[in-house]
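The values are calculated or read from the model by the stated rules, or taken from the named source; none is laboratory data. Quick caveat, the model's predicted, so the values are computed rather than measured. A quick note on method: Cβ atoms are made from the backbone with ideal geometry, for glycine too, and the neighbour counts reach across all protein chains shown.
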Amino acid sequence: MIVLGIDPGSRKTGYAILETNRNNKTVLDYGTITLTDLKSMPEKLVRIFERVGELFEKYSIETVAVEAGFYGKNAQSAYKLGYARSAAVLAAALKSVEVVEYSPRKVKQAVTGNGNASKSQVKYMVKNLLRLSGTNSMREDEADACAVAICHTQNSSPKDPSDCGKARYKSWKDFVEKNKPLIVRSTVANRRK
């Protein structure tokens, strides 16, 4: 199975492609989609969409695992993160590839055993699990994307369909239907401004 892990962001979006055979995980590629040189959100979304599309052209991706947004007190950040995630999900949905979403806590727990692990702990464990100990240049976004892909490989055969740590989408319409409450809240909040 070839899994594309995505750590979405409005400034940097990390990605990682893992191939799994039984218990063996091989890193095929990882990197960062840098968005800091672009000013407008539409330009950033186009870059994410196009770059994820290029990954589909290069690899036979079977599943996309995306880290779900962490919705803190800053609504503006949550909107931007949601937009970035949606651009990546759309690129996958248009290829008719299953998209699975994992909470940040679930991803950290899968990689480190601790749902409250720091970014440096996640990066350390990712490098060890994937035998990348000599790779000093891995960025946190890339390590997070690897962690999302690892989390999916550990959860790819769902034991409990009611697992709230992940959400599965079979199409763009399915994604919109399952996220309608968030979309409605975002729309209402934007109209109030």
Practice task
Could you tell me which residue of segment 88-104 is farthest from the chain's Cα centre (by Cα), considering only residues that are hydroxyl-bearing (Ser, Thr, Tyr) and surrounded by 15 or more Cβ atoms within 10 Å (Cβ to Cβ)?
Solution key: Ser103
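For Val122, are the conditions met, namely being within 28 Å of Leu45 (Cβ to Cβ), β-branched (Val, Ile, Thr), modelled with pLDDT under 90 and surrounded by 16 or more Cβ atoms within 10 Å (Cβ to Cβ)?
Values: within 28 Å of Leu45 (Cβ to Cβ): yes; β-branched (Val, Ile, Thr): yes; modelled with pLDDT under 90: yes; surrounded by 16 or more Cβ atoms within 10 Å (Cβ to Cβ): yes.
The answer is yes for Val122.
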Practice task
Within segment 70-87, identify whether any single residue is over 17 Å from Gly9 (Cα atoms), buried (at least 19 other Cβ atoms within 10 Å of the Cβ) and among the polar types (S, T, N, Q), and answer yes or no.
Solution key: no
Practice task
Go through segment 26-52 and count every residue that is surrounded by 15 or more Cβ atoms within 10 Å (Cβ to Cβ) and within 20 Å of Leu94 (Cα to Cα).
Solution key: 8
